[in-house]
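Engineer: I'd like to ask some things about the structure below.
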Amino acid sequence: MTMTLEQVAEAMVAPGKGILAADESSGTIKRRFDSIKVENTEENRRDYREMLFRSTDAMKTAISGVILYDETIRQKAKDGTPLAKIIADTGALPGIKVDGGTKPLQFCKGEVVTEGLDGLPGRVKEYVGLGAKFAKWRAVIDIGQGIPSYTCIKANAHALARYAAICIEGGLVPIVEPEVLMDGAHDIDRCAEVTEWVLKEVYQELYYNRVVLEQTILKPNMVIAGKQSARQASRAEVAEKTVKVLKRCVPAAVPGIAFLSGGQSDEDATAHLHLMNAMGPLPWKLSFSYGRALQAAALKAWSGKAENFAAGQRAFSHRAKMNGLAAAGKWSEQKEKAVA
Ligand code: 13P
């Protein structure tokens with residue numbers, strides 16, 4: 001049964017489900033493993049991710065898709081089953097990170113642009129053959145003294161749109177991810193202003209590159225104060241300001257928006273998503289595509305030990321289910337505690 005790109009996009013934001021971002025590059029997963037003092041070997045990366053993907057109940061009830069890294073989509077579990085097959089057998093869709101990471105942007109001190117367009121049509125073709133149904137490309141926008149520049153926003157929006165067009169032509173649903181970082185001391189209103197600017201520019205570039213919005217998913221940051229800001233906004237304010245900016249910028253033709261967690265605490269990421277969904281009706285599905293906010297507890301519980309496999313799965317399953325509830329606007333602190 002082949003699904004159309006529209007059907008894949010709809011399935012990625014199916015009611016009460018969201019995406020597990022497990023596409024950490026080898027450098028990023030090293031930092032995660034360093035935090036639990038686990039060596040960054042191919043086998044450890046395999047065991048850790050196999051643990052997550054074999055959390056069958058949570059995968060079936062709360063996870064619509066998993067973003068994989070190049071190594072992982074080619075990797076086999078201990079018993080020889082391809083990891084992508086373990087995911088597909090739960091009913092979740094395998095996806096793939098296709099960007100080549102960020103590089104310093106010329107003449108824009110402190111700013112970066114995401115690379116990886118060269119040869120992308122060929123890689124998309126290969127990933128389709130490996131079972132991928134969707135892709136991800138992450139652009140990074142930093143807020144600071146005198147930044148972001150229009151040069152940086154424009155270059156990143158253009159690359160995102162070129163990537164999206166290449167994916168669609170090759171048969172993958174593009175997750176369009178422009179991340180405005182929450183590093184820094186800026187307040188929530190500055191984040192709102194920059195996020196609005198970035199999203200306006202991204203949708204303009206998608207239009208100029210003839211991208212069919214019904215075949216895409218947006219993965220944005222929430223509108224939130226910088227981590228070093230003296231004034232941290234309440235959960236209600238984050239939810240309200242995020243929805244306000246999204247309504248101004250994201251056409252209703254986009255089937256779904258799946259947030260990144262970006263360094264928020266696990267429970268904040270869940271609560272914010274819940275509050276936004278509770279504000280409905282909204283023009284698009286609002287869901288999650290969390291990396292850290294889905295994995296932090298599981299990573300700690302596992303700590304690289306085979307005997308902690310079940311404990312790691314319990315921790316992951318709990319967060320997946322809480323976020324699934326939030327995607328449906330049915331989460332509560334009582335439910336958080338009842339299961340914990
Ligand atoms: P976080 O949820 O940890 O921000 O990661 C999501 C992601 O995929 C970033 O590209």
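The values are calculated or read from the model by the stated rules, or taken from the named source; none is laboratory data. Model, not experiment: these values are computed from the prediction. Methodologically, a virtual Cβ is constructed for each residue, glycine included, from the backbone with ideal geometry; neighbour enumeration extends over all protein chains shown. Heads up: the accessible areas ignore ligands, DNA and RNA and are worked out on the full protein's heavy atoms, side chains in. Shrake-Rupley method; radii C 1.70, N 1.55, O 1.52, S 1.80 Å.
Engineer: How many residues, within the stretch 134-181, are open to solvent by less than 20 Å² (accessible area, probe 1.4 Å), assigned to a loop (DSSP other than H, G, I, E, B) and in contact with a Gly (Cβ under 9 Å, 6 or more places away or on another chain)?
Structural biologist: Looking only at that region, the number is 2.
Engineer: If Glu193 meets every condition in (1) within 19 Å of Lys241 (Cβ to Cβ); (2) within 16 Å of the ligand (Cβ to nearest atom) apart from one, which number is that one?
Structural biologist: (2)
Engineer: Take residues that are in contact with a helix residue (DSSP H, G or I) (Cβ under 8 Å, 6 or more places away or on another chain) and surrounded by 14 or more Cβ atoms within 10 Å (Cβ to Cβ) and tell me which of the strands (runs of 3 or more DSSP E) falling wholly in the stretch 51-125 contain 1 or more. Working first, answer last.
Structural biologist: Details: elements: 63-68, 93-97, 102-104, 112-114.
The strands (runs of 3 or more DSSP E) meeting that bar are 63-68, 93-97, 112-114.
Engineer: Something else: Assess whether Gly184 counts as being farther than 27 Å from Leu20 by Cβ and touching a residue at least 24 places away in the same chain (Cβ under 8 Å). Don't jump to the end; show me each part of the working.
Structural biologist: Values: farther than 27 Å from Leu20 by Cβ: yes; touching a residue at least 24 places away in the same chain (Cβ under 8 Å): yes.
Yes, satisfied.
Engineer: If you don't mind, there's one more thing I want to ask. Of all residues in the stretch 237-265, which are aliphatic (A, V, I, L, M), farther than 19 Å from Arg190 by Cβ and away from the ligand (no atom under 16 Å from the Cβ)? Step through it out loud before you land on a result.
Structural biologist: Quick first cut of the stretch 237-265, residues aliphatic (A, V, I, L, M) only: 238-239, 243, 245-246, 250, 252-254, 257-258, 260.
Subsequent filtering for residues that are farther than 19 Å from Arg190 by Cβ retains 250, 252-254, 257-258.
Within the stretch 237-265, Val250, Ala252, Ala253, Val254 qualify.
Engineer: Can you spot a residue in the stretch 176-187 that is aliphatic (A, V, I, L, M) and either modelled with pLDDT under 95 or touching a Leu at 6+ places or on another chain (Cβ under 7 Å) (or both)? Spell out the reasoning first.
Structural biologist: Initially, the stretch 176-187 is screened for residues aliphatic (A, V, I, L, M), giving 176, 180-182, 185.
Pick out the ones that are also either modelled with pLDDT under 95 or touching a Leu at 6+ places or on another chain (Cβ under 7 Å) (or both) and you get 176.
Yes, that holds for at least one residue.
Engineer: Looking at the stretch 6-31 only, could you name the residues that are out of contact with any Phe, Trp or Tyr (no Cβ under 9 Å at 6 or more places or on another chain), in contact (Cβ under 8 Å) with a residue 12 or more places away in the chain and not in a loop (DSSP other than H, G, I, E, B)?
Structural biologist: Of everything in the stretch 6-31, those that are out of contact with any Phe, Trp or Tyr (no Cβ under 9 Å at 6 or more places or on another chain), in contact (Cβ under 8 Å) with a residue 12 or more places away in the chain and not in a loop (DSSP other than H, G, I, E, B) turn out to be Glu6, Glu10, Ala11.
Engineer: Continuing with this model, one more query. From the list Thr72, Thr28, exactly one residue is within 16 Å of the chain's Cα centre (by Cα) and within 20 Å of Leu260 (Cβ to Cβ). Which is it? Please lay out each step first, then the result.
Structural biologist: On the way: Thr72 fails: within 16 Å of the chain's Cα centre (by Cα).
Sole residue among the options that is within 16 Å of the chain's Cα centre (by Cα) and within 20 Å of Leu260 (Cβ to Cβ): Thr28.
Engineer: A follow-up question, please. Restricted to the stretch 196-220, and to residues that are touching an Asp or Glu at 6+ places or on another chain (Cβ under 8 Å) and among the charged types (D, E, K, R), which residue is nearest to the ligand (Cβ to nearest atom)?
Structural biologist: Filtering the stretch 196-220 for residues that are touching an Asp or Glu at 6+ places or on another chain (Cβ under 8 Å) and among the charged types (D, E, K, R), the one nearest to the ligand (Cβ to nearest atom) comes out as Lys219.
Engineer: Residue check: is Ala21 on the phi < 0 side of the Ramachandran plot and within 16 Å of the ligand (Cβ to nearest atom)?
Structural biologist: Answer is yes for this residue.
Engineer: Do we have any residue at all in the stretch 298-307 that's open to solvent by less than 40 Å² (accessible area, probe 1.4 Å) and within 14 Å of the ligand (Cβ to nearest atom)? I'd like the intermediate steps shown before the answer.
Structural biologist: First, pick out the residues of the stretch 298-307 that are open to solvent by less than 40 Å² (accessible area, probe 1.4 Å): 298-299, 301-304.
Next, only the ones that are within 14 Å of the ligand (Cβ to nearest atom) stay: 298-299.
Yes, because at least one residue in the stretch 298-307 is open to solvent by less than 40 Å² (accessible area, probe 1.4 Å) and within 14 Å of the ligand (Cβ to nearest atom).
Engineer: Still on this structure: For the stretch 182-198, what are the residues that are in contact with a strand residue (DSSP E or B) (Cβ under 9 Å, 6 or more places away or on another chain), under 19 Å from Ser234 (Cα atoms) and open to solvent by less than 50 Å² (accessible area, probe 1.4 Å)?
Structural biologist: Hits for the stretch 182-198 are Gly184, His186, Cys191, Thr195.
Engineer: Have a look at Glu6, Glu24 and point out the one that is open to solvent by 50 Å² or more (accessible area, probe 1.4 Å), at pLDDT 95 or above and either over 19 Å from Asn323 (Cα atoms) or hydroxyl-bearing (Ser, Thr, Tyr) (or both).
Structural biologist: Exactly one of Glu6, Glu24 is open to solvent by 50 Å² or more (accessible area, probe 1.4 Å), at pLDDT 95 or above and either over 19 Å from Asn323 (Cα atoms) or hydroxyl-bearing (Ser, Thr, Tyr) (or both), namely Glu6.
Engineer: Give the residue that is surrounded by the most Cβ atoms within 10 Å (Cβ to Cβ), with candidates limited to residues of the stretch 240-275 that are of a type in the set (A, V, I, L, M) and more than 17 Å from Glu196 (Cα to Cα).
Structural biologist: The selected residue is Leu273.
Engineer: I've got another one for you. If you scan the stretch 205-220, which residues turn out to be among the aliphatic types (A, V, I, L, M), surrounded by fewer than 22 Cβ atoms within 10 Å (Cβ to Cβ) and assigned to a loop (DSSP other than H, G, I, E, B)?
Structural biologist: Answer for the stretch 205-220, where residues must be among the aliphatic types (A, V, I, L, M), surrounded by fewer than 22 Cβ atoms within 10 Å (Cβ to Cβ) and assigned to a loop (DSSP other than H, G, I, E, B): just Val212.
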